[in-house]
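Novice: Pasting a structure below so you can have a look.
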Amino acid sequence: MMKKRTLLSMALVATMALATFTGCGGSREGASSTEPAADTTATTDDAASDDAATTGEYPGFEEGATIGVSLPWLGTQNWKEAEEMFTAQLEEAGYNPIVQAADQKVTQQQQQIESMIENGAKVIVVGPVDGSQLGSVLEQAKEAGVYVIGYDRLLENTSGVDGVVQFGSVKTGELQAQALLQGLEDLKGDAPYNIELFGGGPADPNAPNFFKGAMSVLQPKIDDGTLVVVSGQTDFTQCATVDWDNAKAQSRMDSLISGFYSDKEIDGVLSPNDGIARAIITSCENAGQDIPVVSGLDAENESVEWVWSGRQYSTVAKPTSDLVAKTIEIIDSLQAGNGMPSTDVKVDNGVIDVLVYELPPVVVTKDNAKEVFADDPSRLELLK
Amino acid sequence: MKQLKQVLGGDLRQYTMVLALALLILIFNVISGGRMLTSSNFQNLLSGNAYVLVLALGMLMVIVIGQIDLSVGSVAGFAGMVMALVAKNYNVPWWGAVLIALAIGILAGAWHGFFLSQLGIPGFITTLGGMMIFRGGVIWISHSISVPAPEQLKWFGAGYLPEWGPAFTGMNNSTLLLGIIGIVCFAVGQLRKYNSQKNNAVDATPLWAVVTRIALMTVLIGYFTYLFGSGRVGTSFPVPGLILLLLTIIYHIITQRTKFGRHVYAVGGNKAAAALSGVNVKRTYFLTMMNMSFLAAVAGILFVGRSTAAGPADGTSWEMDAIASVFIGGAAVSGGVGTILATIVGGMVMAVLNNGLMLMGVGADKTQVIKGFVLLAAVAFDVYNKKSGKSSIIGKLFPSSESKKAA
């Protein structure tokens with residue numbers, strides 16, 4: 001009965017000793033480390049992990065360690081790609097990957113992350129369903145000495161995160177809006193242009209940032225009369241699409257067209273991703289409107305075809321391979337004991353400042369599609 | 001065999017579901033290389049599923065009265081969201097926010113209860129309306145944006161009991177105390193029952209059987225006390241598990257030992273007969289629905305505590321998990337049959353299945369499929385046994401004089 005606790009306290013003694021060696025032994029309960037067995041209280045435990053955190057130490061781990069990857073779902077192409085790439089590339093790098101998806105359920109994801117901790121994962125990569133609802137589970141991972149890397153979305157409201165890899169989301173929004181303006185100039189003649197705005201799923205912390213970035217470009221044009229938002233709906237909450245659900249976006253577009261465009265042409269729509277872009281285009285076609293200039297995101301296969309054929313004006317590629325490669329680079333660095341790579345960007349997640357590794361997205365239109373996908377045979381195949 | 005029967009107190013088949021659960025745990029433990037039966041995994045199992053089991057307690061009573069409640073997930077999400085919002089925007093202290101959430105649960109339940117009992121609108125319709133009203137309400141008040149909850153609430157959803165007292169026990173002393181209380185209560189209960197039976201029953205259980213039963217239970221409780229208590233320092237039997245345990249005991253007593261409990265089974269078994277024999281059917285309907293939404297609010301609080309934030313999608317399809325637990329626990333769709341303890345076992349079967357498949361790395365897609373088959377198999381097995389003239393195995397899992405009478 002005593003065995004487990006004894007082992008544990010020995011481990012703690014070792015940790016404390018190490019902490020003292022490295023010159024940060026100012027622990028509250030230093031004395032207790034010399035005592036045998038179970039007098040190690042919760043506070044000692046906390047103190048030990050605090051020490052590790054404040055000194056920014058990232059001890060490495062063995063090669064071939066278990067790496068957990070928890071994705072929100074596999075319902076869109078980018079997540080399915082991430083699942084396949086993580087499995088293949090982690091195996092190739094000699095790790096033992098556990099890649100799971102949570103079916104868009106927060107509870108499912110919480111339990112998956114716990115089971116990854118149980119399975120002895122050294123690093124857990126989390127693409128959250130809701131970035132702010134994993135607080136206690138991630139802190140549990142931190143206490144168990146597991147490194148947590150956020151993938152594609154910020155992990156908020158928790159101290160249990162070591163870094164986040166994502167595409168700059170405000171930047172992405174700016175690019176979407178610039179592409180929209182460019183498309184309007186090229187295809188829809190002279191200003192003013194009638195446009196509508198769509199936002200992403202509000203539970204995804206990226207969605208408001210996409211919108212913010214886009215509005216930073218569009219708002220001046222709305223103010224000077226170049227652009228007219230006919231419905232007047234320019235607040236993120238008015239424009240948001242719950243759960244990034246294409247069906248909800250399509251029904252909103254349906255009602256916008258029937259409500260505001262019975263005697264007008266719609267020239268452009270800001271869309272936060274490709275699925276919603278296609279829903280908007282379909283809705284316009286069904287309503288007998290000319291296809292407006294629509295932005296997009298993710299470079300999904302179907303939208304790449306649509307861009308190539310001219311139905312969707314643009315999309316923004318956030319190559320999943322770049323994200324996965326950057327994540328694995330960080331895992332390798334942690335494994336070797338080199339800690340988190342340096343980065344200039346830090347974002348306040350409500351509890352701590354999190355290291356963020358931002359990658360640049362790429363706008364794709366018919367003109368540059370072949371160049372952008374030059375290294376991507378499966379998408380190049382679509383451009384025929 | 002006869003001796004075994006005497007120890008277990010009657011029909012061996014009553015224990016089918018418990019045995020199935022134990023078997024499931026052992027099989028997963030072997031397949032996962034011993035990762036099932038660990039302190040941290042069982043702590044996770046309880047913390048992660050307490051909210052569904054709390055809902056199942058209320059749902060059992062709703063199903064026993066022959067109704068169904070589809071609104072529980074939405075009510076849980078709504079109560080949790082209001083709690084997070086009032087704490088954040090109006091600086092209400094955390095305990096005040098919790099009380100507000102519970103009050104919302106009670107009001108929502110009274111709303112459903114009113115339509116069911118006074119206007120006679122079936123619970124399915126009433127709560128379908130409630131599901132939409134409260135789901136829409138969550139999204140409305142939150143603007144679809146997650147709201148961080150007060151730090152203190154984390155204790156309810158993911159907290160542990162305090163460490164105190166002597167170190168020589170080698171485990172968390174709060175958990176140890178809990179285990180000892182459990183064993184003592186069981187032993188006292190059994191001995192008192194033995195004493196009262198000794199004097200007036202013909203086929204009273206012999207003393208040696210009672211002692212063996214106590215010994216077995218002591219080993220079982222002792223094992224779980226050790227399992228929960230010997231984890232990482234600072235962990236113990238989880239707080240949400242303790243809340244669930246207390247609620248289970250309370251609702252077990254309410255359904256089995258009180259007048260209200262008897263009324264619930266009577267109304268579910270035969271509404272007209274119950275009314276004729278003086279049971280206030282309307283009142284029973286009303287209170288059962290109100291209680292359900294109250295428990296939904298409790299579940300919402302537990303969940304927000306564990307998640308550290310209330311989200312717009314909280315509670316989506318929780319009602320389905322709760323309903324599945326109740327039916328795997330052997331309740332009858334037609335009402336009148338089912339017990340609290342069997343429901344908890346049913347819920348644990350689902351939870352262990354989910355947890356074990358996850359430990360094995362099975363994806364959410366396949367897990368869903370397997371859970372669907374298990375639900376069907378459990379209910380089909382139950383119905384088959386009823387049809388072939390035998391009494392329901394799972395329903396009889398835990399002897400309930402009321403359910404037998406009503407059925």
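What follows draws every value from the coordinates through simple rules; no lab data is involved. Remember, predicted model here, so these are calculated numbers, not experimental data. FYI the Cβ positions are ideal-geometry reconstructions off the backbone, even for glycines, and counts take in every protein chain you see.
Novice: Over all alpha-carbon pairs of chain A, lay out the pair-distance distribution in 20 Å bins, whole %, shortest bin first.
Specialist: 26, 48, 20, 5, 0
Novice: Let me ask another. Based on the alpha-carbon gyration tensor of chain B and its eigenvalue square roots a ≥ b ≥ c, which shape applies: rounded if a/c is under 1.5, prolate if not and a/b is larger than b/c, or oblate?
Specialist: oblate
Novice: Got a sec? Charge dipole of the protein assembly as shown, +1 on Cβ for Lys and Arg, -1 for Asp and Glu; which of A:Gly268, B:Tyr251, A:Ala207 is way out at the positive end?
Specialist: Of A:Gly268, B:Tyr251, A:Ala207, it is B:Tyr251.
Novice: Any chance you could check the Cα centroid distance between region B:262-301 and region A:215-293 for me, in angstrom?
Specialist: First find each Cα centre; the distance between them is then 49 Å.
Novice: Determine the shape class of region A:127-241: with a ≥ b ≥ c the square roots of the Cα gyration tensor eigenvalues, call it rounded for a/c under 1.5, and otherwise prolate if a/b is greater than b/c, oblate otherwise.
Specialist: Verdict is prolate for region A:127-241.
Novice: May I pose another question? Taking every DSSP beta bridge with both residues inside the protein assembly as shown, roughly what % is antiparallel (nearest 5)?
Specialist: Percentage antiparallel, nearest 5: 30.
Novice: Continuing with this model, one more query. Can you list the residues, at least 5 places off or on another chain, whose amide H is less than 5 Å from the amide H of A:Thr66, using H built in the peptide plane?
Specialist: A:Asn96, A:Lys122
Novice: How shielded is B:68-79 by partner chains, expressed as the average number of their Cβ atoms within 10 Å of its Cβ atoms?
Specialist: 0
Novice: If R₀ is 51 angstrom, what is the calculated FRET efficiency for the pair B:Ile253 and A:Ala247, using the beta carbon separation as r and rounding to 0.05?
Specialist: 0.60
Novice: A further question on this structure: Treating only the Cβ atoms of Lys and Arg (+1) and Asp and Glu (-1) as charged, compute the dipole magnitude of chain A about its Cα centre; round to the nearest 20 debye.
Specialist: Charge dipole of chain A: 300 debye, to the nearest 20.
Novice: Something else now. Work out which helices of chain B, taken as complete DSSP H runs, extend at least 24 Å along their axis over the Cα atoms and score a mean Kyte-Doolittle of -1.0 or more, then list them.
Specialist: B:39-64, B:72-89, B:94-117, B:123-142, B:173-200, B:207-229, B:239-257, B:281-307, B:340-359, B:364-387
Novice: Calculate the radius of gyration of the Cα atoms of region A:193-297 to one decimal place, then report Dmax, the largest Cα-Cα distance, as a whole number, both in Å.
Specialist: My reading of the Cα-based Rg and Dmax gives 12.5, 37 Å.
Novice: Next question. Tell me which of A:Asn286, A:Ser115, A:Leu297 sits at the most positive position along the dipole axis of chain A, charges placed on C-beta atoms (Lys, Arg +1; Asp, Glu -1).
Specialist: Of the options given, the answer is A:Ser115.
Novice: 5 Å is the cut-off here: which amide hydrogens, built 1.01 Å from N in the peptide plane, fall below it relative to A:Tyr357, excluding neighbours closer than 5 in sequence?
Specialist: A:Val164, A:Val165, A:Gln166
Novice: Roughly what angle does helix A:42-54 make with the longest principal axis of chain A, taking Cα atoms, 0 to 90 degrees, to the nearest 10?
Specialist: Value to nearest ten degrees: 60.
Novice: Have a look at B:Leu45, B:Val362, B:Ile180 and report the one farthest towards the positive end of the charge dipole of the protein assembly as shown, computed about the Cα centre with Cβ charges (Lys/Arg +1, Asp/Glu -1).
Specialist: So the residue furthest toward the plus end is B:Ile180.
Novice: Let me ask another. Spin-label point model (7 Å from Cα, Cβ direction): what's the A:Glu92 to B:Ser334 distance in nm?
Specialist: Distance between label points: 6.2 nm.
Novice: Evaluate peptide B:229-239: per residue, the Cβ atoms of other protein chains within 10 Å of its Cβ; return the mean as an integer.
Specialist: Average neighbour count from other chains, rounded to a whole number: 4.
Novice: May I ask for the net charge around B:Val75, where only other residues with Cβ less than 11 Å from the Cβ of B:Val75 are counted and Lys, Arg are +1 while Asp, Glu are -1?
Specialist: -2
Novice: Report ³J(HN,Hα) in whole Hz for each residue of region A:67-81, in order, from the Karplus equation J = 6.51 cos²θ - 1.76 cosθ + 1.60 where θ = phi - 60°; Gly and Pro get x.
Specialist: Once rounded to whole Hz, the list reads 10, x, 10, 10, 9, x, 5, 10, x, 10, 4, 5, 6, 4, 4.
Novice: Please list, ordered by chain and number, the residues whose modelled amide H lies under 5 Å from the amide H of B:Leu70; skip anything fewer than 5 residues away on the same chain.
Specialist: B:Thr127, B:Leu128
Novice: Could you work out Rg/(2.2 N^0.38 Å) for region B:165-237, with Rg from alpha carbons only?
Specialist: Scaled against compact globular proteins, the figure is 1.41.
Novice: When all alpha-carbon pairs of the protein assembly as shown are counted, what percent fall beyond 55 Å?
Specialist: In whole percent, the long-distance tail amounts to 16.
Novice: How big is region B:176-295 by Rg and Dmax over its Cα atoms, in Å?
Specialist: 19.5, 58
Novice: Convert each backbone phi in region A:207-218 into a coupling constant with the Karplus relation 6.51 cos²θ - 1.76 cosθ + 1.60 (shift: θ = phi - 60°), then list the ³J(HN,Hα) values in order as whole Hz, x for Gly and Pro.
Specialist: 4, x, 6, 3, 5, 4, x, 5, 5, 5, 8, 7
Novice: Spelling out what I want: for every residue of region B:145-151, take phi, set θ = phi - 60°, compute 6.51 cos²θ - 1.76 cosθ + 1.60 (Karplus), and round to whole Hz; glycine and proline get x.
Specialist: With the stated coefficients, region B:145-151 comes to 10, 5, 10, x, 9, x, 3 Hz.
Novice: Each label point is 7 Å from the Cα along the Cα-to-Cβ direction; what then is the distance between the points at A:Glu265 and A:Met340, in nm?
Specialist: About 5.1 nm separates the two model spin labels.
Novice: Moving on. In whole Å, how far is the Cα centre of region A:298-326 from that of region B:64-120?
Specialist: Each part's Cα centre sits 44 Å from the other's.
Novice: Over the Cα atoms of region A:179-234, what is the Rg over Rh ratio if Rh follows Kirkwood?
Specialist: 1.00
Novice: So how strong a dipole does the protein assembly as shown carry about its Cα centre when Lys and Arg Cβ are +1 and Asp and Glu Cβ are -1, to the nearest 20 debye?
Specialist: 5580
Novice: Distance from the Cα centre of region A:142-158 to that of region A:111-131, in angstrom?
Specialist: After rounding, the separation between the Cα centres reads 9 Å.
Novice: Here is a follow-up. Once you've got the GNM for chain A with C-alpha springs shorter than 10 Å, pick whichever of A:Ala249, A:Ala65, A:Ala141 has the biggest mean-square fluctuation.
Specialist: A:Ala65
Novice: Going by a ≥ b ≥ c, the root eigenvalues of the Cα gyration tensor, does region B:43-177 fall in the rounded group (a/c under 1.5), the prolate group (a/b larger than b/c) or the oblate group?
Specialist: Judged from the Cα gyration tensor, region B:43-177 comes out oblate (a/c at least 1.5, b/c at or above a/b).
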